[in-house]
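First comes the structure, then the notes that go with it.
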Amino acid sequence: MYGKMNGRAFLFFAVFVAALFSYLAVLYWKALLSPLDYGKQVREVSVSIPENVNCSKIGEILYKNGLIRGPDLLSIYARLQGMDQKLKPGRYLFKTSQSLPEIVNSLVAGPSDVVVFTMPEGFSLDQLTDLLVRKGLVDRESFRAALGESRRFGHQFLKKVPPDQGLEGYLFPDTYHAGYRTGEIQIISMMLDRFEDEIKSLDYERKAGDLNLTLHQAVTIASMIEGEAAVDEERPLIASVIYNRLRLGMPLQIDATVKYALGGQREKIYYKDLEIDSPYNTYRVAGLPPGPINSPGRASLLAAVNPALTEYLYYVARPDGTHAFSSNLEDHNSYKRKYQQ
């Protein structure tokens, strides 16, 4: 009787241990197949799979690009699923939030001919270049070279842009569809087409002329508005500050132009940054900067040629991103003490 109980207890224990190990093995396998990144850590990764490479080589490529947890995992999983001979070559755009099964399914389906990219309002050409390189759509150096050759594009409005200014401000922020064979010139032309459509629909050059502005000056002002405004209703007010200061011969003192002069999109600038020697430093140089500092959207373009009628000369950012406007230095300093402690 005692021996039988011991035997049953041992059998129960053995079954329990086997079940526990099986359960832990399943959890471990699922963890190996899970995505590497979630939430704000997610990245897009462009990967090129060559012709005539085996499953193991594809796994190595994905592992080196930070998409899977080990170089052999794809080969093991694909063989278990009977998919190891079905993976197709080509260029893919994966996200680090994709699991290994999702990646394998994409490789079986084959590469998409269309890549969607969105240029947000306020993006500079440097930011756009980074975006397109990440998506595998352009070569960085070839794209930069094409951006500097505005005269090679046949758009009529470009004839009114100073030839040394390049295309900053003239690639309209929007969502676009491109293919991996589209090429740098075609992508730029597509974005210039959207800008041209936009200014025609707004009758933009006439409105700029009514304010004694050239197209280039109006787009430059629109880009500063885009760099400063967080809410649409404040864009005409910021435009009024710019025009009032220009009329009085005051320096514009636009922080966004200093950030551009510093070569990046900094969250903050410091007093020492205001001393940078640059034609884009509107704290030191009077009048408009040489050209746009980003790609303004429709609301900022409109505000630049439809400024509010105010006496405002100053504004201070509140913690929520809106601004407190004032027409005299005393009120301005009071707002600074209130909102920028």
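The values are calculated or read from the model by the stated rules, or taken from the named source; none is laboratory data. Note that the structure is a prediction, hence the values are computed from the model and not measured. Quick reminder, even Gly has a Cβ in these numbers, built from the backbone with ideal geometry, and neighbours come from all protein chains shown.
Hey, which of the helices (runs of 4 or more DSSP H) in segment 101-208, taking only ones fully inside, have at least 3 residues that are farther than 30 Å from Ala31 by Cα and either in contact with a Lys or Arg (Cβ under 8 Å, 6 or more places away or on another chain) or touching a residue at least 60 places away in the same chain (Cβ under 8 Å) (or both)?
Numbers: elements: 125-134, 140-147, 184-201.
Per the criteria, 125-134, 184-201.
Which of the residues belonging to segment 300-325 are under 15 Å from Ile242 (Cβ atoms) and of a type outside the set (A, V, I, L, M)? Walk me through how you get there before you give the answer.
The first filter runs over segment 300-325 and keeps only residues under 15 Å from Ile242 (Cβ atoms), leaving 300-315, 323, 325.
Result: Ser300, Asn306, Pro307, Thr310, Glu311, Tyr312, Tyr314, Tyr315, His323, Phe325.
Criterion first (modelled with pLDDT under 90, among the polar types (S, T, N, Q) and out of contact with any helix residue (DSSP H, G or I) (no Cβ under 6 Å at 6 or more places or on another chain)) does Ser22 satisfy it? Please lay out each step first, then the result.
Values: modelled with pLDDT under 90: yes; among the polar types (S, T, N, Q): yes; out of contact with any helix residue (DSSP H, G or I) (no Cβ under 6 Å at 6 or more places or on another chain): yes.
Answer is yes for this residue.
Leu246 passes every criterion in (1) part of a helix (DSSP H, G or I); (2) at pLDDT below 95 apart from (2). Checking the stated criteria, Pro236 turns out to be more than 24 Å from the chain's Cα centre (by Cα) and part of a helix (DSSP H, G or I).
The single condition from (1) under 24 Å from Asp174 (Cα atoms); (2) outside the structural domain of Ala178 (by TED's automatic domain parsing) that Leu128 fails is (2). Scanning segment 62-98 for residues that are surrounded by 15 or more Cβ atoms within 10 Å (Cβ to Cβ), of a type in the set (S, T, N, Q) and out of contact with any strand residue (DSSP E or B) (no Cβ under 9 Å at 6 or more places or on another chain) turns up Ser75, Ser97, Gln98. Here Tyr170 meets each of (1) under 26 Å from Arg91 (Cα atoms); (2) aromatic (Phe, Trp, Tyr); (3) touching a helix residue (DSSP H, G or I) at 6+ places or on another chain (Cβ under 8 Å) with one exception, condition (1). When segment 50-82 is filtered for residues that are more than 11 Å from Leu100 (Cβ to Cβ) and in contact (Cβ under 8 Å) with a residue 40 or more places away in the chain, only Ile58 remains.
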